[in-house]
Amino acid sequence: MFLKMEHIYKNYGDILANKDVDLDLKKGEILALVGENGAGKSTLMKVLYGLEEATSGKIFLNGEEVYINGPSSAIKLGIGMVQQHFMLFNSFTVTENIVYGREPKGKLFFDMAKARQDVIDLGKKYDLPLDPDAVIEGMPVGLRQRVEILKVLYQNTDIIIFDEPTAVLTPQEVTELLKTMKNLSKMGKSIILITHKLNEVMEVADRTLVMRSGEKVGELMIKDTNIKELSYLMVGRHIVDKQVEKVETGETVFESIDLTLTDNKVSVLDNVNIHVKRGEIVGIAGVSGNGQTELVETIFGLKNCTSGKVIVNGEDVTNTSVMNVRNKGVALVPEDRNVHGSAALGTLTENSIMGFYHKDEFSKNGIIDYKVASQFTDELIEEFKVVAKNNKQTMSSLSGGNSQKLIIAREISQHSSFLIVSEPTRGVDIGAMEFIHNKLFEKRANKDGILLISSELTEILKLSDRVYVMYEGEVKGEFTRETANEEEIGFLMLGGNKDEV
Amino acid sequence: MALDIEFIAHILNSTFRLMTPILLVALGSAVCNRVFIFNIGLEGMMLTGAFFAIVANYYTGSVLISLLAAMGSAMFVSWIAGIFMVKFKGAMLVVGISVNVLMLGATTFLMQLFFGVKGAFVHKDLVSLPKVNVEFLKGTKFFYTLFGSLTYLDYFAVILAIILYFYMFKTVSGFRLRSIGINKEAANSIGVDGDKIQIGAIVFSGLLSGLGGALLSMGAVTMFVQNITSGRGFMAMAAGSLGSAHPIGVVFASTFFGLAQTLSNVLDNQFLSSELMIATPYVATIVALAIFNYSKIKKGGKITNI
Amino acid sequence: MKFKIKKMNYKQILKYLKPLEQPIVAISFALVIGAIAMLLAKSNPLVVYGYMLKGAFGSKFYLSTTLAKATPIILAGLGASIAWRSNCFGIGGEGQMIVGAFVAAIIAIYLPAPMWIKFVSSIVGGVVAGGGYSLISAYLFDKFQMSLSISTLMMNYAGRFIVLYFIVNFFLDTSSTGGKLQQTYKIPEEIRFPRLNEDYALTIGFFIAVAVVILVWFLMNKTKYGYESKMVGYNLEFCRFGGIKAKKIMYLSLFISGVLSAFAGVSEVYGTYFRYVSGSLVSGRSAWIGLNAALISAYNPIGVLVSSIILAGIQTGGSAISRFTTVPLEISQILQGCITLFISAKIVIKWRRKNTNSKKLNVKGGM
C-alpha cells in the first residue's frame, strides 16, 4: 500500500469533522472521495496536505509514518493539491506560476530559459500543452486549472488531490480534465478526487470512499457499484414528513420564466422555470454550488440575468434593484449570515432594521426613529426568543443560532408575501433549528409563499410542499410532498437523469 | 537669463541633485508597493536618517559611520513600523502617519538635547559627503557645470536603481518579492513566507530612506534643519507610483520631480509659474494612475488597491 | 445587599468606560514613552507633566489658547471621522482645508456685496469648494479605482501649490510687506469671528465648532444617512443585500468630509489669521492632528471634541514646558505619534475577532 491514513480524528471545538477515518491509496489509482457538503471530505484532505492538523491519527507513506505540518512538507513528501480556488499569480506568466517555489537558478539570476523549457517538457510529458509565455489574466478557467495541475506536477508529486475540480468548468473542459486524470494515473500518479458528482466518479475512478457526517460509510470498487447505490450511501436515510397539515394555496407570488445566467461562457442558470404560490413552501434541493446562490441573487436584484424574467406578485422585476424587489414584497434570509446577513459590529437594533429602515414606520424626513426601532427590535427578540441581554449589544456577541433567529425574525417581520430562505439552519443547534422550522410553517399558515434553499435534504423534505431539484443550473425534477422520495431526489441532485430512475 | 548651453548644464545638474534624494526613497516606496504595502511613513524614516547622519557626523567625523548611522536608525524605525503593519495588522495609513509625527517630533527634540539648538544645527566640524572630483573637465565648461558638485551617493542612487531592476526582474528573490503583492495567499500556499518578505521590504525602504535623508543633510548643505525633508518622502511616494513601482520608471518619475523643482527655482516666474511647476508632478501622478487603471479596467483586470 | 448594589455600579461604570479602554491604554503607553524622553532631557516627568497640564488648561489665558487651537482640529477631525467611518480612508484634509480657506478668503475680500451676503457666500463658497475638491477623489475612486489615500495625498500638494499660484499671481497683498509674504489682503473686520475677550485668542469659532460637533453627532446617530454610512463601514455586503447604494454613500461621505475639513480652514481664516497665509495651514498641521483625534475617538464626534482639546492641550502645554523646563516643545509631537501608533493596535483586536469569526465559518461551511 502506497499511502495509508489511519484512524484520523479531527474536531473543531465541539464539532467532529472526521471520526475514525481510514483511507488507503495504491500507486496509479484514482480514488474518489464522495459525500454531501459537510461530510468531512475536504477536512480529511486538508489534513493530508498539511493545511489542518489532525486531532489524532497516523499517516504512512510507503510503510513509513510521516508527519505533515504544512503544505511545504506535504509537497516535499510528494503530495500536491489542486485547490478549488486557484492559487495563481494573475499577472505572471504560465511559466512563472508553474516553477514558483522551486525556480531554476543560475549563478545569480532566475534561469528563465530553463524554466520555460522545463514547462514545455512537462507539458509534453503529461500531454498538457500550454503556452509558457501566456499571462494568467484573461485565460479561461480550464486552462488556469491546467496551470494548477502542472504546478503540482512540477513539484514532483506522486499523489495529487483534486478538490471539486469540475465545479467551475464547462462540459468540454470537464471531459478534458477527466481524460487528463486517467492519463496521469496511467503514468503512475495516484489521484484523490473530491467530488459529489457521481457520474464523474463512475467515469473516471477506480475505487470510491463514501463519507457521511465525518465518518466513512462505504468503500466500493467502481465496477461493483452504480450511481443509485452511491447516492443512497451518501445521502443516507431521510424521511419525508407526510404528516404536515396542508394549507390551501393561493395566487402565485413568484415566478421565474426561462431564467438564464451565463458567466464567462459557463452556464450558471439554464432556463429555470419555477414558481411559488401563497401558502406553500417550495424547496430547492441540490448540492450547493449548482446554481442556487446565483438563482437567489438574480431573483433578488443582486445579479443581472442574461435572459428570462423574474415576476413578483404579477410585476416584472427582472434586473432591477434590491430596493425595488424588497419594496415589491420580497424578503431574503441569505445563506451566509455573517457575510451577507448581518454586521458583526453593529448593534442588534441596527441589524434589525436593515432593508426597511426607510419605511415610514421607522423614519421620517430622513431621520430614523430609534425609539421605534429599539422597541421593534425588542419585539423581535421576544417573539423569536433570541437570547440577548439588550438590543444595544453587538451582533458578534450573539451565538450562531441566536443571530440566525434574529435575521429570520427581521425578514419575516415585514410580512412580505414572498420570503426566500437560504440555508436557514446551517450551523445552528437543534433547538434553534426546530424553532426556525416552526416559524417558517407559521409564515406559510399566514398564506405567504416561501422559497427554501438548503443543501440539507432532511430539511427540504421536512418543510417543503413542493421540491425542485437543481443540478448544474438546471431544474432536473419537481416533486410534491406526496410524490417526493428521497432516493429519487438524491439520485437527481447528484447528476442522475429522470428517465434512468 | 538666456537659454545658453551653460544654463542648460546648470539646470540638468540641479535637476540631478534634487532628484537623487527623492529617487532613493522612491525606490524604497516602489519595493513596498510591490509587496502591497502603502508606506506613508517614508517621510519620517527619511527624516530619521537625515538627523542621525548628522549626529554620527558630529561625534565621529566619519562619512562612512554617518551613512551607517543614517541607514541603521531609519531601518530600526521602519522595522518597528513593519511589525505594527504586518504582524499587528495595524492600518498602514495610521502606522505611517504616526511614524511621521513621531519622528518629526523626536528629531527636533533630540536635536535640542544633543546640540542645544532649536530650528537648525550647523557646525564647522561637520564633514559633508565627498564630491566627485571633476577638475579634469575644467576645460569644457558645459561638462564642468553638468557634473559639478555631485556626491558619490548621487551616482550611487542611479546605479542602485539599475541594480534593483535586475534584482526585481531577474533574480528568484526579486521574483518572490513581486509575487507577494500579486497574491500573498498563493505564495503562502507554496510555503513562501509573505509576512517575512513584507517586513523585509519595509526595512529595506527604511534603509533607502535613511540614505536619502543623509543625502539631504550631508549633500548640498551639511546641516540638520527641523523638518528638513519637508514633504520629500511624500514626493517620493508619488514618484514611486508615477513610475509604476518599476525602478527605471521611478528614475524617470523622480527626474520629473527634480526638474519641476529646478525649473521653479531658476525660472523664477519668467516663462512659467514656479508654483504651477511644482504642482505639475502631483497632478501628473494622478492623471498617470487614472490612465493606467483605466486601461487595466478596460481589459477586465482587477485593480489592486492599497 | 448593599454590597451587591455597589458591585453592580462598579460593573456598570466599567461598561460605560469600555469604549475608552483602548484610547486610555494607548495614552498611557504614550505617556510612559514621553516620560522616558523627559528623563533623557534630565527633567522629572511628573513635574513636566504638571507644567504641561497647567500650560494647557491652568489659566483662562492658556485655556482659551488651547480651545482656539482646538477649533480647526475639531472640525478636521469631524471631517476625517465622517469619511473613515464609512471606509473612505482619505488623507486629504489638508488640501480641503487649503482650498476652503482660500476660496472663503477670496470671496470675503473681493465680493462686492453687503457684509452679510459677503459673509454667508464666503463661508458657503469655502466649504462647498472643499467638498467639491474632496469629490474629485471620490470620482477617481469610482471611475478609476484609484485608492483614496494616494489621490488625496497628491491632491494635498496639488491644492497647496495651485492655490499659491493664484495668490502670488492674482491676489497678493502687496501693501504691507511689499508682497514678500505670500498672503492675501485681510478680510473685512466686520465679518471676522469676534473674540470673546480682547486679550484672549478664543473666538466664537470654537463654539461654532462645538455646534458642528452636535450637528455631526445628530447626522451620524439619528439620520438615515448616518445609519447607511455606518453600515457601509461595517459590512458592505450586508448593505448590498439590504438595498443600500454604497456608491452614493461614498460620494456623500466624502463630500461632507470635505465640507467639514474646509470649514476648519475657513475657521482659521475667520478666527486666527483674518486672511489666507500660505503655509500657515500646513505648518499648523491641524488636518493631521484632526485625523489623529478621529482615530483616537473611533470616529465618535463627542470623542473628537474631547480628544481634539486634549491634543491641542498637548501642543499648548508643550510650548509652556519649553519655557519653564529643559524639555523641548516637540514632546507634544512625540506624544501624539505614540498615541496613534498604539491606537492602530486597536485594529488588531477588531481584525483578530473578525478573523476568528470567518475561520469558524469556513469550517462549518465547507468541511
Tally, over region A:143-166, of residues that are farther than 14 Å from A:Met87 by Cα and assigned to a helix (DSSP H, G or I): 2
From C:Ala104, C:Ala30, C:Ala37, C:Ala26, residue being modelled with pLDDT of 95 or more and on the phi < 0 side of the Ramachandran plot: C:Ala104
First in region A:175-193 and closer than 12 Å to A:Leu31 by Cβ, second anywhere and assigned to a helix (DSSP H, G or I) and open to solvent by less than 50 Å² (accessible area, probe 1.4 Å), Cβ under 6 Å, 6 or more apart: A:Met181/A:Val204; A:Ile191/A:Met181; A:Ile191/A:Ser185
Residue that is least open to solvent (accessible area, probe 1.4 Å) [pool: residues in region A:271-312 that are of a type in the set (D, E, K, R) and touching a Gly at 6+ places or on another chain (Cβ under 8 Å)]: A:Glu280
Of all residues in region C:151-191 being part of a loop (DSSP other than H, G, I, E, B) and of a type in the set (Phe, Trp, Tyr), the one that is surrounded by the fewest Cβ atoms within 10 Å (Cβ to Cβ): C:Phe170
When residues of region B:225-236 are limited to those that are farther than 16 Å from B:Thr255 by Cβ and not in a loop (DSSP other than H, G, I, E, B), the one nearest to the other protein chains (Cβ to nearest Cβ): B:Phe234
Residue in region A:142-149 that is open to solvent by less than 20 Å² (accessible area, probe 1.4 Å), within 14 Å of another protein chain (Cβ to nearest Cβ) and not aromatic (Phe, Trp, Tyr) present: yes
Qualifying position, being assigned to a loop (DSSP other than H, G, I, E, B), farther than 24 Å from B:Gly212 by Cβ and either more than 10 Å from chain C (Cβ to nearest Cβ) or in contact with a Leu (Cβ under 6 Å, 6 or more places away or on another chain) (or both), among B:Lys118, B:Lys89, B:Lys124: B:Lys124
Residue satisfying condition, being buried (at least 18 other Cβ atoms within 10 Å of the Cβ) and away from chain B (no Cβ under 14 Å), within set A:Gly50, A:Gly40, A:Gly80: A:Gly40
So A:His358, is it within 11 Å of another protein chain (Cβ to nearest Cβ), of a type outside the set (A, V, I, L, M) and within 27 Å of the chain's Cα centre (by Cα): no
Helices (runs of 4 or more DSSP H) contained in region B:149-203 and holding at least 1 residues in contact with a helix residue (DSSP H, G or I) (Cβ under 8 Å, 6 or more places away or on another chain) and within 30 Å of A:Tyr49 (Cβ to Cβ): B:172-182, B:184-189
Number of positions in region A:1-33 that are in a strand (DSSP E or B) and either more than 14 Å from every other protein chain (Cβ to nearest Cβ) or open to solvent by 10 Å² or more (accessible area, probe 1.4 Å) (or both): 20
Extreme residue, surrounded by the fewest Cβ atoms within 10 Å (Cβ to Cβ), among residues of region A:87-104 that are more than 29 Å from the chain's Cα centre (by Cα) and not in a loop (DSSP other than H, G, I, E, B): A:Thr93
Number of the exception - B:Val251 against (1) open to solvent by less than 20 Å² (accessible area, probe 1.4 Å); (2) in contact with a helix residue (DSSP H, G or I) (Cβ under 6 Å, 6 or more places away or on another chain): (1)
The lone exception for B:Leu276 - which of (1) part of a helix (DSSP H, G or I); (2) open to solvent by 10 Å² or more (accessible area, probe 1.4 Å); (3) over 22 Å from C:Phe166 (Cβ atoms); (4) within 13 Å of chain C (Cβ to nearest Cβ) it fails: (3)
Contacts under 8 angstrom Cβ, first residue in region A:473-487 being open to solvent by 50 Å² or more (accessible area, probe 1.4 Å), partner part of a loop (DSSP other than H, G, I, E, B) and aliphatic (A, V, I, L, M), 6 or more apart: A:Asn485/A:Val240
Criterion violated by A:Leu332 - all others in (1) more than 8 Å from chain C (Cβ to nearest Cβ); (2) touching an Asp or Glu at 6+ places or on another chain (Cβ under 7 Å); (3) not in a loop (DSSP other than H, G, I, E, B) satisfied: (1)
Some residue of region B:291-299 being surrounded by 17 or more Cβ atoms within 10 Å (Cβ to Cβ), at pLDDT 85 or above, within 11 Å of chain C (Cβ to nearest Cβ) and closer than 22 Å to B:Ile180 by Cβ: yes
Condition broken by A:Phe384, with the remaining ones in (1) away from chain C (no Cβ under 11 Å); (2) touching a helix residue (DSSP H, G or I) at 6+ places or on another chain (Cβ under 7 Å); (3) free of Cβ contacts under 8 Å to residues at least 40 places away in the same chain satisfied: (3)
Which listed residue is assigned to a helix (DSSP H, G or I) and in contact (Cβ under 8 Å) with a residue 40 or more places away in the chain, from C:Leu67, C:Leu140: C:Leu67
Any hit, region C:256-278, residues being in contact with a Lys or Arg (Cβ under 6 Å, 6 or more places away or on another chain) and within 14 Å of chain A (Cβ to nearest Cβ): no
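Pick from B:Leu104, B:Leu67: which is within 17 Å of the chain's Cα centre (by Cα), within 11 Å of another protein chain (Cβ to nearest Cβ) and either open to solvent by 20 Å² or more (accessible area, probe 1.4 Å) or of a type in the set (Ser, Thr, Tyr) (or both)?
On the way: B:Leu67 fails: within 11 Å of another protein chain (Cβ to nearest Cβ).
From the options B:Leu104, B:Leu67, the qualifying one is B:Leu104.
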Count - residues of region A:105-124 that are charged (D, E, K, R), in a helix (DSSP H, G or I) and free of Cβ contacts under 8 Å to residues at least 24 places away in the same chain: 4
Qualifying position, being open to solvent by 50 Å² or more (accessible area, probe 1.4 Å) and under 22 Å from the mean Cα position of the chain (by Cα), among B:Phe169, B:Phe142, B:Phe136: B:Phe169
Counted residues, region C:69-80 - those being open to solvent by less than 10 Å² (accessible area, probe 1.4 Å) and under 8 Å from the mean Cα position of the chain (by Cα): 8
Options A:Asp378, A:Asp316; residue that is under 22 Å from A:Ile412 (Cβ atoms) and surrounded by fewer than 18 Cβ atoms within 10 Å (Cβ to Cβ): A:Asp378
All positions within region A:353-375 that are open to solvent by 10 Å² or more (accessible area, probe 1.4 Å), within 17 Å of A:Asn324 (Cα to Cα) and in contact with a helix residue (DSSP H, G or I) (Cβ under 7 Å, 6 or more places away or on another chain): A:His358
Residue satisfying all of: in region A:105-118; more than 9 Å from every other protein chain (Cβ to nearest Cβ) and within 17 Å of A:Ala134 (Cα to Cα); surrounded by the fewest Cβ atoms within 10 Å (Cβ to Cβ) among these: A:Ala113
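The values are calculated or read from the model by the stated rules, or taken from the named source; none is laboratory data. All values derive from a computational prediction rather than experimental measurement. We place every Cβ from the backbone using ideal geometry, glycine too, and count neighbours over all the protein chains shown. Surface accessibility is based on the protein's heavy atoms, side chains included, excluding ligands, DNA and RNA. Shrake-Rupley method; radii C 1.70, N 1.55, O 1.52, S 1.80 Å.
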